[in-house]
1. Give me a comma-separated list of calculated 3J(HN,Hα) values for segment B:41-51, in order, Karplus coefficients 6.51, -1.76, 1.60 applied at θ = phi - 60°, integers in Hz, x for any Gly or Pro.
2. If I fit a long axis through the Cα atoms of helix A:101-115 and take the longest principal axis of the Cα atoms of chain A, what angle between them do I get, 0 to 90°, rounded to 10?
3. At a threshold of 8 angstrom on Cα-Cα distance, excluding pairs fewer than six apart, so keeping six or more, what relative contact order does chain A reach in percent?
4. Quick check on the protein assembly as shown: take the gyration tensor over C-alpha atoms, sort the square-rooted eigenvalues as a ≥ b ≥ c, and tell me if it's rounded (a/c under 1.5), prolate or oblate.
5. How do B:372-379, B:269-276 rank on mean C-beta neighbours within 10 Å, highest first?
6. Take the alpha-carbon centre of segment A:242-274, take the same for segment B:190-256, and report the distance between them in whole Å.
7. To the nearest 10 degrees, how steep is helix B:440-452 against the longest Cα principal axis of chain B, on a 0 to 90 scale?
8. Please list the non-local residues whose amide H lies under 5 Å from the amide H of A:ALA122, H modeled 1.01 Å from N, same-chain partners needing a gap of 5 or more.
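Nothing in this text is a laboratory measurement; each read-out follows from the coordinates by a stated rule. Note that the structure is predicted; figures quoted are calculated from it, not measured. Because the Cβ atoms are built from the backbone with ideal geometry, glycine has one as well, and the counts that use them run over all protein chains shown.
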Amino acid sequence: MSKPLKIVVLAKQVPDTRNVGKDAMKADGTVNRAALPAIFNPEDLNALEQALILKDMREGSTVQVLTMGPPRAADILRDAMFRGADGGILLTDRKFAGADTLATSYALSRALVKIQPDIIVAGRQAIDGDTAQVGPQVAEKLGIPQVTYAEEIVSLSDDNKEIIIKRRLDHGIEIVSSPLPLVVTVNGSAPECRPQHAKRVMKYKNARTPSELQEADNDYLNSLCACKEYLNIQEWSVADVDADDNQLGLAGSPTKVKQIENVVFQAKEAKRLTAADADINELMVELIASHTLG
Amino acid sequence: MANFFLDNKDLQYQLSHPLMRKIVELKEKGFEDKDKYDYAPADFEDAMDSYRRVLEIMGGICGDVIAVNAEGVDHEGPKVENDRVIYAPGTQQNIDAIVKAGLMGITLPRKYEGLNFPLVAFVMTNEMVARGDMGFENIWGLQDCAETLNEFASEEIKQEYLTRVSQGETCAMDLTEPDAGSDLQSVMLKAHWDEEKQTWLLNGVKRFITNGDGEISLVLARSEEGTKDARGLSMFVYDKRSGATKVRRIENKMGIKGSPTCELVFTNAPAKLVGDRKMGLIKYVMSLMNAARLGIGAQAVGLSEAAYREALKYAHEREQFGKPIIEFPAVFEMLSNMKAKLQGSRALLYETTRFVEIYKDYTHWSHDRKLEPAERAEMKEYNKLADAFTPLQKLITSEYCNQMAYDAMQILGGSGYMKDYPVERLYRDARITNIYEGTSQLQVVAAIRHVTTGTYAAKLKQYEDEALYPADLESVFKQMVELREDYEACVERVTAGDAEQIDFHARRLVEMAGHIIITHLLLRQAADAEDYRTSAQVYAKIAVAKCKEAKTYIFNSCCGDIDLFKAVINENVENL
């Protein structure tokens with residue numbers, strides 16, 4: 001029988017930038033987080049689904065969701081548990097705050113060294129930063145292979161040594177093979193995540209992190225979490241993952257934001273032209289007609 | 001990202017009714033499951049929290065999946081291939097979403113992998129599903145069949161079938177035949193015991209069977225050879241995997257196109273007997289029917305909700321003569337009446353559901369232990385109320401849902417008549433609600449007994465004694481007291497006549513009771529929540545007008561009158 005897998009999903013709680021209203025930005029050009037609901041980053045949900053599919057393929061496998069963020073990010077861990085994850089880990093510490101992708105991937109990689117998963121699955125990118133860097137950087141820091149733009153796990157060898165993955169690229173699809181462990185980043189074109197499951201919602205609705213329990217100060221919740229192990233969401237600090245302070249948060253982030261400006265995005269759609277004369281002619285006519293040229 | 005639970009305050013309000021505490025305690029039997037199942041509630045608040053969360057999941061599926069698929073399903077519909085039903089792709093997606101969210105078996109006990117939710121929560125899901133797609137509600141709502149098995153079948157059958165329903169299999173109730181519609185005692189499909197195979201075998205034809213190709217079917221069949229009436233009928237459960245039925249055709253209907261209505265042929269189909277022989281129609285179908293009638297009420301209210309929302313939105317957006325049409329008296333009056341009828345229908349639906357629920361829960365208790373005398377008395381009382389209110393709510397909600405669809409189309413005008421807007425589909429879908437599971441006329445037949453024996457009058461007097469209404473609406477409350485006196489005067493006058501006289505005026509009397517009950521319910525809600533003040537007053541106007549009209553009709557009609565209406569019997573269509 002094949003060995004069960006230890007799977008970790010990297011997820012992020014993000015402001016919902018998809019339906020921005022007029023008060024989405026503050027006067028100084030920064031995001032008004034209070035006006036935007038905090039949601040599960042959409043492509044991380046695609047990643048969670050792939051992880052759950054893998055779990056279904058290998059009996060006894062576990063899916064843990066790892067997120068770095070403020071205490072309220074525990075919401076997405078519960079959401080993941082409602083959908084099928086076995087548990088969650090919240091990396092939270094003031095020292096993590098202000099991290100760019102480099103510092104974020106360092107922090108995550110420290111936690112992953114502690115967990116030692118067989119497969120790490122992440123969304124391609126988060127809708128607030130749109131960098132698509134964290135997944136690949138984590139793989140680099142761990143020194144393991146990465147498969148980006150994944151759309152489907154095609155197969156996994158019985159000995160858990162080789163995984164075949166379908167990638168969605170601009171001009172088509174690519175089927176690649178990789179040894180384990182590895183990092184897979186999942187595209188939004190992959191299957192949607194399964195919905196919250198009624199029984200799981202009822203089972204995990206009282207899952208809490210230690211800080212949430214402290215904050216709530218509720219005897220009922222405390223006793224519940226004390227007797228039901230699965231209700232405890234782990235919370236790790238810098239010390240828990242044995243990380244170097246200098247590589248964390250603002251200190252560890254070479255990216256500095258110099259200025260932010262509001263831009264109005266005008267292009268309605270992207271157009272792909274070939275190098276053929278006919279296409280170039282057509283483009284010239286269009287640009288002249290719109291007074292972009294001439 | 002629509003959510004049909006979170007966006008509906010009136011629906012949420014019904015979940016907060018004071019009787020819910022009793023209902024939860026009965027349903028959870030002292031929370032005996034709390035240490036056995038990790039998803040069972042530990043107390044009342046825990047249970048209510050779970051209901052809300054799960055209804056929210058269902059609300060999301062209804063808004064984002066079922067409602068979105070409704071138009072495509074209406075266009076494509078199901079088809080028959082190789083004697084089997086193939087659902088429209090949207091229907092299949094709906095089922096998949098519900099199964100993935102673990103919502104099937106919503107009322108079934110946890111030992112059969114169900115959620116053990118109260119009927120109130122199930123009716124709420126029915127309503128939300130119907131608001132998204134009324135036709136699909138049939139497939140979802142047929143879980144009622146599993147409830148009937150849970151009530152009457154042997155443990156062996158329950159173990160086998162109920163678990164499968166919780167895992168996502170769909171059901172059908174196979175009652176109607178070509179020559180047995182409203183008159184089910186004429187059912188002829190034959191069941192005989194085969195000694196060699198040690199099983200019952202079914203042979204014959206069923207017609208108009210909703211979701212007839214569902215995995216698990218309850219079949220009403222004639223097990224007693226040579227009989228011709230209800231006493232020869234028994235209930236069987238048939239498993240589709242036996243492969244002994246063929247879908248001969250599906251009907252081409254006016255509405256609820258996504259719901260496959262099948263003609264089924266049974267050929268030596270092996271089946272298991274449910275409960276006792278000869279009790280099929282007398283006991284089990286009656287129970288099934290009552291549950292189904294509640295289901296239709298929920299369908300009707302869900303459709304009314306959809307119609308009201310479409311009409312309200314359009315009336316705000318559409319401008320004529322320089323202003324939104326909602327500002328014209330003809331339109332705002334129509335919409336206010338629609339809202340009052342919608343909230344009134346819903347109030348009646350859940351009042352009925354609570355009665356049915358408490359009665360059913362006591363029945364389940366009584367299987368486990370002997371009820372205390374006080375409990376027995378309460379069970380009897382709720383049984384009577386359930387019997388009285390079930391046909392009443394089916395009658396009123398389904399008639400109103402037709403009126404709502406009609407008015408919604410009127411508000412949308414020419415646009416509403418086009419297939420570009422969902423109102424046209426709502427209009428077609430609504431039409432079946434006062435036909436199937438017993439026509440309005442048959443609901444009146446079931447309800448009239450409670451007019452003549454005084455069940456409604458007694459309940460009205462109880463509402464009066466409890467006197468729950470906002471202080472400044474006392475005049476409305478007093479009007480209802482007067483109407484109840486009018487109603488009793490009408491009953492007295494009509495019952496002084498013969499049986500035919502009672503039948504002739506039956507609908508007028510039943511509807512009078514209904515209007516007064518609904519006004520009381522809305523007044524009670526208004527005492528508790530500001531939101532209902534307007535609808536309570538608007539509905540009271542409808543109630544007064546309708547009751548006065550009925551009273552005038554009844555008091556103006558003499559015994560000879562019936563002959564006027566009987567004249568039509570001798571009219572022949574060929575000699576017109």
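1. Values, residue by residue: x, 9, 7, 4, 4, 4, 4, 5, 4, 5, 4 Hz.
2. It works out to around 30 degrees.
3. Over chain A, the number comes to 22 percent.
4. prolate
5. B:269-276, B:372-379
6. Taking the Cα centre of each part, segment A:242-274 and segment B:190-256 sit 66 Å apart.
7. Approximately 70 degrees, to the nearest ten.
8. Here A:LEU10, A:VAL184, A:THR185, A:VAL186 satisfy the definition.
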